[in-house]
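The structure under discussion appears below in the form of structure tokens.
The values are calculated or read from the model by the stated rules, or taken from the named source; none is laboratory data. Everything numeric here is computed off the predicted structure, so don't read it as measured data. Positions of Cβ are backbone-derived with ideal geometry, glycine not excepted, and every protein chain shown enters the neighbour counts.
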Number of protein chains: 2
Amino acid sequence: MGITKSQIFNDQQNELAAIFRVLANPARIAILEFIGDQQACICNDIVDQIGLAQPTISQHLKELKGLDLISGEVAGKKLCYCLNLDRWNEIQDLLNTFFNQTKANCC
Amino acid sequence: MGITKSQIFNDQQNELAAIFRVLANPARIAILEFIGDQQACICNDIVDQIGLAQPTISQHLKELKGLDLISGEVAGKKLCYCLNLDRWNEIQDLLNTFFNQTKANCC
DNA sequence: AATTAATATCGTAATATTGCGATATATAAA
DNA sequence: TTTATATATCGCAATATTACGATATTAATT
């Protein structure tokens, strides 16, 4: 992101920006949609599905895990990634609060 | 953003990512909140308020205008930026659709 | 224990973003 | 028409992001 001066912004502004940053990538959108579509999900399927190299997918999954948006359960040799629904709803609420509050007083 | 392979994703995924990208910066969040708070808004006030240099603010405003999230009206020597409410609601709907659809089938 | 399969980490090249000083542009005021 | 004020654009340095090959790690299978 270059040199963002996060010190001069408040926690809510930095947190929102951090959430948006993780979502600001079509591969991660695609991964989330793919995980959402499956009942359960296996990482190697994601690699086949998305069309990016395995290390790249792994890195994207790490970013999504960093936001606690998904969690991976070990299933033998494989990993079963799932959408973390509580966090998903929490973030949706955060974004809606931002959208609603910002437009509330507006001209 | 480095070399994002947008060709391999669909329009909806790229559009969502582009929207999130513009929002993924605390200065732009702060600008939107500030514009939302005012009844009307003048750019120079934004510079005073946010604490970044004038060219930097100008660039951020350009990004927000690029998404059609705000629009600026010439008011004499000054520019009066306002939230574009229709677009604001449209984007809020897009994001909610993404959140709702993604979690719909999920485990 | 060796092998195989799935995933993570490291290092690096290519590109994008952020922020700002210098400067251009545009408009009102003098 | 000169000056002052507000905003935009250019060019650059610092840093972040994306993608991937090579390699490490982990866990089941043989």
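Is it true that A:Asn10 is over 13 Å from the mean Cα position of the chain (by Cα) and either surrounded by fewer than 14 Cβ atoms within 10 Å (Cβ to Cβ) or of a type outside the set (Asp, Glu) (or both)? Please lay out each step first, then the result.
Values: over 13 Å from the mean Cα position of the chain (by Cα): yes; either surrounded by fewer than 14 Cβ atoms within 10 Å (Cβ to Cβ) or of a type outside the set (Asp, Glu) (or both): yes.
Against the criterion (over 13 Å from the mean Cα position of the chain (by Cα) and either surrounded by fewer than 14 Cβ atoms within 10 Å (Cβ to Cβ) or of a type outside the set (Asp, Glu) (or both)), A:Asn10 qualifies.
Can you tell me which of A:Ile57, A:Ile70, A:Ile91 is of a type outside the set (Asp, Glu) and over 24 Å from B:Ile8 (Cα atoms)?
Numbers: A:Ile57 fails: over 24 Å from B:Ile8 (Cα atoms); A:Ile70 fails: over 24 Å from B:Ile8 (Cα atoms).
Only one candidate passes the filter, namely A:Ile91.
Return yes or no: is A:Pro55 at the interface with chain B (Cβ under 7 Å from one of its Cβ atoms) and modelled with pLDDT of 95 or more?
Numbers: at the interface with chain B (Cβ under 7 Å from one of its Cβ atoms): no; modelled with pLDDT of 95 or more: yes.
In short, no.
Out of all the residues in the range B:19-46, which are surrounded by 16 or more Cβ atoms within 10 Å (Cβ to Cβ) and in contact (Cβ under 8 Å) with a residue 40 or more places away in the chain?
Selection gives B:Ile19, B:Val22, B:Leu32, B:Ile35, B:Gly36, B:Cys41.
Where the second residue is more than 8 Å from DNA strand C (Cβ to nearest atom) and of a type in the set (A, V, I, L, M) and the first is assigned to a helix (DSSP H, G or I) and lies in the range A:63-85, which pairs have Cβ atoms under 6 Å and are six or more apart or on separate chains?
Every condition considered, the pairs that remain are A:Glu63/A:Val22; A:Leu64/A:Ile70.
Quick check on my filter: what residues within the range A:86-107 are surrounded by fewer than 16 Cβ atoms within 10 Å (Cβ to Cβ), outside any helix (DSSP H, G or I) and touching a helix residue (DSSP H, G or I) at 6+ places or on another chain (Cβ under 8 Å)?
The one that is surrounded by fewer than 16 Cβ atoms within 10 Å (Cβ to Cβ), outside any helix (DSSP H, G or I) and touching a helix residue (DSSP H, G or I) at 6+ places or on another chain (Cβ under 8 Å): A:Asn105.
I'm checking my understanding of the structure. Among residues of the range A:58-68 that are among the hydrophobic types (A, V, I, L, M, F, W, C) and within 12 Å of DNA strand C (Cβ to nearest atom), which one is farthest from the other protein chains (Cβ to nearest Cβ)?
This residue is A:Leu61.
Listed residues A:Asn105, A:Asn96; which is within 30 Å of B:Asp86 (Cα to Cα), modelled with pLDDT of 95 or more and more than 12 Å from DNA strand C (Cβ to nearest atom)? Don't jump to the end; show me each part of the working.
Numbers: A:Asn105 fails: modelled with pLDDT of 95 or more.
Going through A:Asn105, A:Asn96 in turn, just one is within 30 Å of B:Asp86 (Cα to Cα), modelled with pLDDT of 95 or more and more than 12 Å from DNA strand C (Cβ to nearest atom): A:Asn96.
All but one of (1) more than 7 Å from every other protein chain (Cβ to nearest Cβ); (2) out of contact with any strand residue (DSSP E or B) (no Cβ under 6 Å at 6 or more places or on another chain); (3) more than 12 Å from DNA strand D (Cβ to nearest atom) hold for A:Ile50, so report the exception by its number.
Condition (3) is where A:Ile50 drops out.
Looking at (1) more than 10 Å from DNA strand D (Cβ to nearest atom); (2) more than 8 Å from every other protein chain (Cβ to nearest Cβ); (3) more than 23 Å from B:Asp11 (Cα to Cα), which is the one condition that is false for A:Leu79?
(1)
Do the conditions hold for B:Gln54, that is, is it away from DNA strand C (no atom under 12 Å from the Cβ) and loosely packed, with under 14 Cβ neighbours inside 10 Å?
Details: away from DNA strand C (no atom under 12 Å from the Cβ): no; loosely packed, with under 14 Cβ neighbours inside 10 Å: yes.
No: the conditions fail for B:Gln54.
Quick check, is B:Gln13 more than 8 Å from DNA strand D (Cβ to nearest atom), facing chain A (nearest Cβ under 7 Å), under 22 Å from A:Leu16 (Cα atoms) and of a type in the set (S, T, N, Q)?
Working: more than 8 Å from DNA strand D (Cβ to nearest atom): yes; facing chain A (nearest Cβ under 7 Å): yes; under 22 Å from A:Leu16 (Cα atoms): yes; of a type in the set (S, T, N, Q): yes.
So B:Gln13 fits the description; yes.
Could you tell me how many of the residues in the range A:1-48 are within 11 Å of DNA strand C (Cβ to nearest atom), in a loop (DSSP other than H, G, I, E, B) and not hydrophobic (A, V, I, L, M, F, W, C)?
Residues flagged as within 11 Å of DNA strand C (Cβ to nearest atom), in a loop (DSSP other than H, G, I, E, B) and not hydrophobic (A, V, I, L, M, F, W, C) within the range A:1-48 amount to 4.
Mind telling me which of the residues B:Arg21, B:Arg87 ends up being facing chain A (nearest Cβ under 10 Å) and of a type in the set (Lys, Arg)?
Values: B:Arg87 fails: facing chain A (nearest Cβ under 10 Å).
The unique qualifying residue is B:Arg21.
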